[in-house]
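To start, the structure itself, in structure tokens.
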Amino acid sequence: MSSTVSTSRGMHSPARLGMHESPDSGASGSFSPLEPDVNDSETELLSVSWNQDYGCFSAGTSNGFRIYNCEPFKETFRRDLKSGGFKIVEMLFRCNILVLVGSGDNSQYPPNKVMIWDDHQSRCIGEFSFRSEVRAVKLRRDRMVVVLEHKIYGYNFTDLKLLHQIETVANPRGLCSLSHHPNTSVLACPGLQRGQVRIEHFGLNLTKLINAHDSHIACLTLTMDGLLLATASIKGTLIRIFNTMDGTRLQEVRRGVDRAEIYSIALSPNVQWLAASSDKGTVHIFSLRVRVFGEVLSAHNSAQGAAMFQQNSSNSLDPLISPSTGANSSSSLSFMGGVLPKYFSSERSFARFHLPEDTQFITAFGSQNTVIIVGMDGSFYKCSFDAVNGGEMVQQEYVRFLKTESRRPS
């Protein structure tokens, strides 16, 4: 079913209002009406999501939303209100603009309405209403993307005009990823077929379809420059990395043998590491061999860099794949890869951290070989891994952020 969009009367664009970069940008603002002294024991966590540089995360609750800084961990601000909670709270880096989508029990903001909130002015500066439930919202400084189950709408963030519409296969998870490098504008989303990913290079007016998996896509993410894509299917056993310019599969790593639900995939800023969380209760770290050219590319503008990337990747994969460091373990029977099932020659995880099973966690990379993990049980972990030897990660910090009780290893 197609969805129509209506915007609120008298709406102002974020560009005209101005975006103010500050980790405490909303400290003086307030929602109206506010709910005083909300008891954390009565607060349900509805969602957690990273900002664009993974330095902060937002938490949508049954009473409003909260914003947290990761390093060091602290609650930056919160908004509690009487009308209900928010199932989507999307930050724009650390500025005063947030995009909110209400939960089913929010009397003022239903789940089919997108609200652009300016926390400096403590008011809504724009509303978009759709005919069906909003599954996700993604932001970059120049673009807002709204994901419905069968369609994606893209808007210019300077004037909120509709730029494009993309039809997708059924997408109840709201899968979509945007690049955040200022010189590249890339979007990844499910295509129209099972296991297919659609890549839009907006700056190059280029569309690429990648048949990533045989099963439906469960998780996908782009590098900051949008030139590499990591995907997992609903089987949850393999994670694949692709060149987004020509669709070439560059590397494949194995989370495990048993079926699992992949909750999140994260790529380190230098594209040396990949982290994945699943319902099996383990965060796996994999060493990547696709990082060399990505580092070189960041020094070029989008047109030159993309052209070079396309030329090199079409002629040879060598510039994209580093020599194997042996970091990810593989089976000693890998020399029989042509005879045995693929499992025996696939790359296994380099490091891992164990968590409670059946709790949804999202992951991101912190500073100095650390991983940040945030759970839907209200937990925050910071763990370190040995970049040479791998193995079990070491817990550096634990916070139950709904109660703000921190525990550090002695």
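The values are calculated or read from the model by the stated rules, or taken from the named source; none is laboratory data. Note that the structure is a prediction, hence the values are computed from the model and not measured. FYI the Cβ positions are ideal-geometry reconstructions off the backbone, even for glycines, and counts take in every protein chain you see. Ligands, DNA and RNA are excluded from the accessible area calculation, which covers all protein heavy atoms including side chains. Shrake-Rupley method; radii C 1.70, N 1.55, O 1.52, S 1.80 Å.
Does the range 118-127 contain any residue that is among the aliphatic types (A, V, I, L, M), modelled with pLDDT of 95 or more and open to solvent by less than 10 Å² (accessible area, probe 1.4 Å)? Taking every residue of the range 118-127 in turn, none turns out to be among the aliphatic types (A, V, I, L, M), modelled with pLDDT of 95 or more and open to solvent by less than 10 Å² (accessible area, probe 1.4 Å).
For the range 98-115, check the following and say yes or no: at least one residue is open to solvent by 40 Å² or more (accessible area, probe 1.4 Å), within 30 Å of PHE365 (Cβ to Cβ) and modelled with pLDDT under 95. Within the range 98-115, none of the residues are open to solvent by 40 Å² or more (accessible area, probe 1.4 Å), within 30 Å of PHE365 (Cβ to Cβ) and modelled with pLDDT under 95. Among the residues of the range 39-61, those identified as assigned to a loop (DSSP other than H, G, I, E, B), of a type outside the set (D, E, K, R) and at pLDDT below 90 are ASN39, THR43.
Might you check whether a residue that is surrounded by fewer than 20 Cβ atoms within 10 Å (Cβ to Cβ), not in a strand (DSSP E or B) and not basic (Lys, Arg) occurs anywhere in the range 249-257? Yes: the range 249-257 contains one or more residues that are surrounded by fewer than 20 Cβ atoms within 10 Å (Cβ to Cβ), not in a strand (DSSP E or B) and not basic (Lys, Arg). When the test is whether a residue is surrounded by fewer than 17 Cβ atoms within 10 Å (Cβ to Cβ) and either of a type in the set (Ser, Thr, Tyr) or within 19 Å of the chain's Cα centre (by Cα) (or both), SER379 does not pass it.
Residues in the range 141-178 that are hydroxyl-bearing (Ser, Thr, Tyr), farther than 26 Å from ASN211 by Cβ and in a strand (DSSP E or B): TYR155 only. Residues that are open to solvent by less than 10 Å² (accessible area, probe 1.4 Å) and in a loop (DSSP other than H, G, I, E, B) within the range 85-94 comprise GLY85, LEU92, listed in sequence order. Evaluated against (1) open to solvent by less than 10 Å² (accessible area, probe 1.4 Å); (2) over 23 Å from LEU209 (Cα atoms); (3) in contact with a Ser or Thr (Cβ under 9 Å, 6 or more places away or on another chain), VAL134 falls short on exactly one condition, (3). Of all residue pairs spaced 6 or more apart or on separate chains, those with beta-carbon atoms under 6 Å, a first member in the range 198-217 that is farther than 13 Å from ALA230 by Cα and a second member that is surrounded by fewer than 16 Cβ atoms within 10 Å (Cβ to Cβ) are GLU200/THR207.
Yes or no, residue by residue, for (1) hydroxyl-bearing (Ser, Thr, Tyr); (2) out of contact with any strand residue (DSSP E or B) (no Cβ under 6 Å at 6 or more places or on another chain); (3) closer than 17 Å to VAL290 by Cβ:
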residue: VAL169; (1), (2), (3): no, no, no
residue: CYS176; (1), (2), (3): no, no, no
residue: ASP225; (1), (2), (3): no, yes, yes
residue: PHE242; (1), (2), (3): no, no, yes
residue: VAL253; (1), (2), (3): no, no, yes
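Within the range 228-257, if we keep just the residues that are charged (D, E, K, R) and closer than 23 Å to PRO172 by Cβ, the residue that is modelled with the highest pLDDT turns out to be ARG240. Filtering the range 141-157 to residues that are open to solvent by 10 Å² or more (accessible area, probe 1.4 Å), under 21 Å from ASP53 (Cα atoms) and touching a strand residue (DSSP E or B) at 6+ places or on another chain (Cβ under 8 Å) leaves ASP142, ARG143, ASN156. For ASP386, the stated conditions hold: it is in contact (Cβ under 8 Å) with a residue 12 or more places away in the chain, of a type in the set (Asp, Glu) and within 21 Å of VAL253 (Cα to Cα). Those strands (runs of 3 or more DSSP E) of the range 179-218 in which at least 3 residues are open to solvent by 20 Å² or more (accessible area, probe 1.4 Å), considering only elements entirely within it, cover 206-211. Considering only residues in the range 391-409 that are at pLDDT 90 or above and crowded, with 17+ Cβ neighbours inside 10 Å, the one that is nearest to VAL283 (Cα to Cα) turns out to be MET393.
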